[in-house]
Amino acid sequence: MKQEELIEIMIGVAKGIAKVEGRDTEVAVHDLHEMQMVFIANGNITGREVGTRMDKSIYKMILRQSDADGHMIAYRTMSEKGKLLRSSHFIIRDEKGEPAVLICINQDDSKLEELRDYINYKIHVNTDEEECSPGDSGGNIIQNVAQNAIMNSIWKMTTGDLDTKEGKITLLKELKRQGIFDVRATTPYICKALSISQTTLYNYLREIKNEGEEDSVPVKLK
């Protein structure tokens, strides 16, 4: 199948997703051969439009973080206007197994969150005992928050920075400032996101420590 034919099929899929999910969901299709957006529905959510170039560093991050099916599902991102979004990505491969098309879905859940907060307010009952949802531990919640913080910090980095040692160290300084390394089991996640070994990570952290960096000193990100 030719790239143009595959793109047309994926645009049809994207249109269907947009119709099902409604106006609060942006669905975009990227041609990974040209690294360019070729279709978008509800682009007002992020302000992007057809022809927008795909940031190579962001694409590499998506490629690293996607699962075996080429999917990266429901993680927190932020638009240029500061709006929190729930994002998912589908990497579509060609007959040779090479990445050919990327479907990006950005969902504005602000209305649902307002409804959730209203319902929680209406059904709230004062109690002296802390309640936990079955099967949901505080540790898991903390790790999810930490992983979202890592992803948001990566998205704030300048294009191409994560391809350099200096850029990786800048990100690690920011994560250190946020206290991410105090959260259990985040080290493997950081190593995967940066495509480095744990040995390399510890070497970078040792360099940061030797530079005399303080946790309270903010690191400027784009």
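Observations
- Complete set of residues in the range 31-76 that are in contact (Cβ under 8 Å) with a residue 12 or more places away in the chain, within 15 Å of E98 (Cβ to Cβ) and either open to solvent by 70 Å² or more (accessible area, probe 1.4 Å) or of a type in the set (D, E, K, R) (or both): D31, H33, K60
- Search result, residues across the range 80-100 that are among the small types (G, A, S) and either open to solvent by 80 Å² or more (accessible area, probe 1.4 Å) or more than 11 Å from the chain's Cα centre (by Cα) (or both): G82, G97, A100
- Residue tally, condition of a type outside the set (S, T, N, Q) and open to solvent by less than 20 Å² (accessible area, probe 1.4 Å), over the range 20-30: 5
- Complete set of residues in the range 163-180 that are touching a helix residue (DSSP H, G or I) at 6+ places or on another chain (Cβ under 7 Å), more than 15 Å from M151 (Cβ to Cβ) and open to solvent by 60 Å² or more (accessible area, probe 1.4 Å): D163, K176
- Output for the range 181-203, where each listed residue is surrounded by fewer than 18 Cβ atoms within 10 Å (Cβ to Cβ) and not in a loop (DSSP other than H, G, I, E, B): F181, D182, T187, P188, Y189, C191, K192, Q198, T199, T200, Y202, N203
The values are calculated or read from the model by the stated rules, or taken from the named source; none is laboratory data. Just so we're clear, the structure is a prediction, and the values are computed from it rather than from any experiment. Please note: Cβ atoms are built from the backbone with ideal geometry, for glycine as well, and neighbour counts cover all protein chains shown. Accessible surface is based on the protein model in full, side chains and every heavy atom, while ligands, DNA and RNA are left aside. Shrake-Rupley method; radii C 1.70, N 1.55, O 1.52, S 1.80 Å.
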